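Reviewing the structure listed below.
The values are calculated or read from the model by the stated rules, or taken from the named source; none is laboratory data. Just so it is clear, the model here is predicted, and its values are computed rather than measured. Methodologically, a virtual Cβ is constructed for each residue, glycine included, from the backbone with ideal geometry; neighbour enumeration extends over all protein chains shown. All accessible areas refer to the heavy atoms of the entire protein, side chains included, with ligands and DNA or RNA removed. Shrake-Rupley method; radii C 1.70, N 1.55, O 1.52, S 1.80 Å.
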Amino acid sequence: MTDIAEISKALSALLVPQDQKIQQLQESLADKIAQLDAIGWKEIGSAFTENDGPSLEDVQGVTERLREMAASNPLHVRGSQLRFSYIFGEGVNFNSLKPGTKAIIDNPYNKEALFSVTAFENNNLASFTDGNIIAVYDTDDKLFTVVPINEIDGVRADPNDDSKIRYIQRKRKDEEGKTFNEWVPLSRWKNMLTAQKKTLPTSFKNDEAKVNQTQVAYIKRSHAQTGWTWGVPDSLAAMVWSLAYSAYLQDNSKLVRALSMIAWSLTKTTSEGVNAAAAQVVGANIGGTAVNTTGNAISSVGVPSAQVNMNNGQPLAAMVATSFGVPVIALLSSPGATGGSYGAATTLDVPTIKGMQAVQDGWGDFYTEILHDLGSKDATVTFPNIDGDPAYRESQSIVTAHSFGLLHDDEARDGVLSVLRVKKLHDNMPPKPIVPPTGSGATPTPPSQGNSGPVPGGNDQSVTNHDGETA
């Protein structure tokens, strides 16, 4: 029996121009993953040491690739959106702010950098691709700037603990556009020196870069292990699996296309017969008749492309979802990811919510340090519940708490307005509704739309005809 690959070769030579070839689809998934070394996975992995973790160059190198994927790879685009919706989807509450702090936060430039929905989305994406959020505050201009990791040229840390950063070296441009480097102290390090009645150095020995005296830096690092100077991006662990899943879908798509070009399966005793029969099949009209001699056969392949199952690559997508910390059913936007089981989907979401609440706490610590340095020592940062009840249930809970005297009128009103997303147009409380009196002496409610009023009773009230009863 002649191999089907030989028939495919004969058909493709007749159907496809000479400058186009049908790609061979015999790569295994292991081969595909082996080809992913070029993305930098092994390079950054081999650069890790037991104590130091990734170097600045390692993080900058992988960040460049992850930023590209966050803009073009559907899994990374969706993963970043999901993490943002879990962490910042209900907003952030900055509590107990002093007027001076609030004025700084309300500055349009500062809102764009750190304190607006746009800032939350951008910084969540930076954590997703860079792993290190670096905010620089100018105490003279009272302005914040979020500095990308690729603008950092060096770092100075505690000699006894590489994880305790003291200074970062930043590339800057002067008024003439010339680039120069300067050291920016971390705010917590400058505060420590101030508490010890020490001052910042103006420079370091044998270093041309000066120490900026009016700026301080704040750093939030993701997944930084003990002793590591830098964090790693939230999407790093998913990089290889995202590319593997994309390659799996591409290969299956090519396979479907290749199989769709094979319309007939021929069995001939000689290779010369195969070539002649292939030419006859290509030129045959619909409804033609094939006459075969003994030992020869021709049959329609049918629809072999329907036998290619794209869902077999779902474990690869699950690895991506696991790396992002989100449910695979949400990552793929498909109920089929869990076999269409709503129970499985909700069960998966419980640990996801707990994990995202921990991430929220990390962002809360980052913002709390900034607010305290801005003069609001009692400031706190809170996030609304991720898994809140439906609006009507939350409203009922607020009304119940108010009826028991646990909430003031204005607190209950503000709570309901927030839950129902109703714009507050009046500062004063609305008039309380008139509650009709109850009891034997109460005036009957007049009939109105949806209310027929009191119904007069008959003589047979409280009397039954005992229908359905048995002796």
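Averaged over its residues, segment 170-244 has an accessible area of 56 Å² per residue, based on protein heavy atoms and a 1.4 Å probe. For segment 359-434, the list of chymotrypsin sites (Phe, Trp or Tyr not before Pro) that fall in a loop by DSSP and count at most 11 other C-beta atoms within 10 angstrom reads 404. Take the solvent-accessible surface of the protein heavy atoms, probe 1.4 Å, and return the percent of it on segment 103-231 that carbon and sulfur atoms account for. Its accessible area is 46 percent carbon and sulfur atoms.
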